[in-house]
Each structure stands twice: as C-alpha cells, then as structure tokens.
Amino acid sequence: MLLTRTLLKIATNIAYEAIFNEINQYIPNFKELIKEKTIRTIKEKDNYSFFIFRSKDIYDNEEGLAIKYINEAIEESKELIKEKIRDAIINFNYTESIKKEILNEIDKLVTSIYKLSDFILNNG
C-alpha cells in the first residue's frame with residue numbers, strides 16, 4: 001500500500017512537471033491567470049456562491065464547502081436538533097393552528113356558496 005502511494009506520488013509529480021512545462025510554452029503566465037481568475041471568482045458573490053453552495057450531483061464529485069460544513073454542523077448537533085424539534089412539537093399551539101384551518105375552510109365554503117347563489121340568480 002505504501003509502495004503504491006509512493007509510486008502514485010512520483011507519477012503525479014512527473015505528470016505535473018510535464019504538463020506544467022507544456023502549458024508554460026503556450027501560456028507563459030498561466031499561473032498568474034489562474035490566480036487572477038480565482039480571486040475574481042471569489043469576489044463575484046453569485047459565482048462564488050454557486051461554488052460553495054453547490055450540491056453533489058452527477059457532474060460534481062463532492063459538495064461545495066458550505067454544504068459540507070452545514071452537514072457537519074448538523075451531524076454534530078443532531079441531539080440538540082432533536083431536542084429543539086421535540087420542544088417545538090410539544091409547545092406548538094395546536095388550538096390556534098386548528099382555529100385558523102377551520103376559519104380558512106369556512107371562508108372557502110362561504111365563497112363557494114356565494115358563487116353558487118350568484119350563478120343561480122344570474123342563470124336561472
């Protein structure tokens with residue numbers, strides 16, 4: 001395993017050197033161009049947001065840093081989150097919520113009755 005990693009590292013270094021020299025022949029300042037584009041990307045909020053908040057999909061091998069950190073924070077806080085959800089369920093004002101739902105349904109019913117009576121009066 002160690003030998004394989006060492007050989008892989010050597011091969012990677014050789015490939016890097018060959019690629020670096022080849023690119024450098026055609027674009028002598030490519031390192032500076034990459035640095036400038038990176039800085040510009042970081043400064044452009046929308047573009048930067050896309051990179052740090054991207055989700056893993058069939059094209060990306062990994063999620064953006066923000067998603068990764070959010071998932072880590074959620075995992076580390078799992079028990080606290082469960083506790084907060086439990087408290088929210090226990091302390092939720094079901095009476096008020098049910099009252100709003102009933103009023104909403106009554107409003108729909110009254111609106112339907114009004115439309116029906118209007119239809120009957122105008123088409124009867």
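With a Förster radius of 25 Å applied to the beta-carbon distance between ILE42 and ILE70, the computed FRET efficiency rounds to 0.85. Bridgeable lysines around LYS100 (alpha carbons under 16 Å apart, same-chain partners fewer than 8 residues away excluded): LYS108.
For LYS43, a cut-off of 30 angstrom between C-alpha atoms picks up these lysines, skipping any fewer than 8 places away in its own chain: LYS31, LYS35, LYS56, LYS68. Under 8 Å for C-alpha pairs, at least 6 residues apart: give me the relative contact order for the chain, rounded to a whole percent. Relative contact order for the chain comes out at 8 percent. In this simple spin-label model, placing a label point 7 Å from the Cα along the Cα-to-Cβ direction at both ASP87 and SER117 gives a separation of 4.9 nm.
Laboratory data are not the source of any read-out in this text; all were calculated from the coordinates shown. These numbers come from a predicted model, not from an experiment. Every residue, glycine among them, receives a Cβ derived from its backbone with ideal geometry; neighbour counts consider all protein chains shown.
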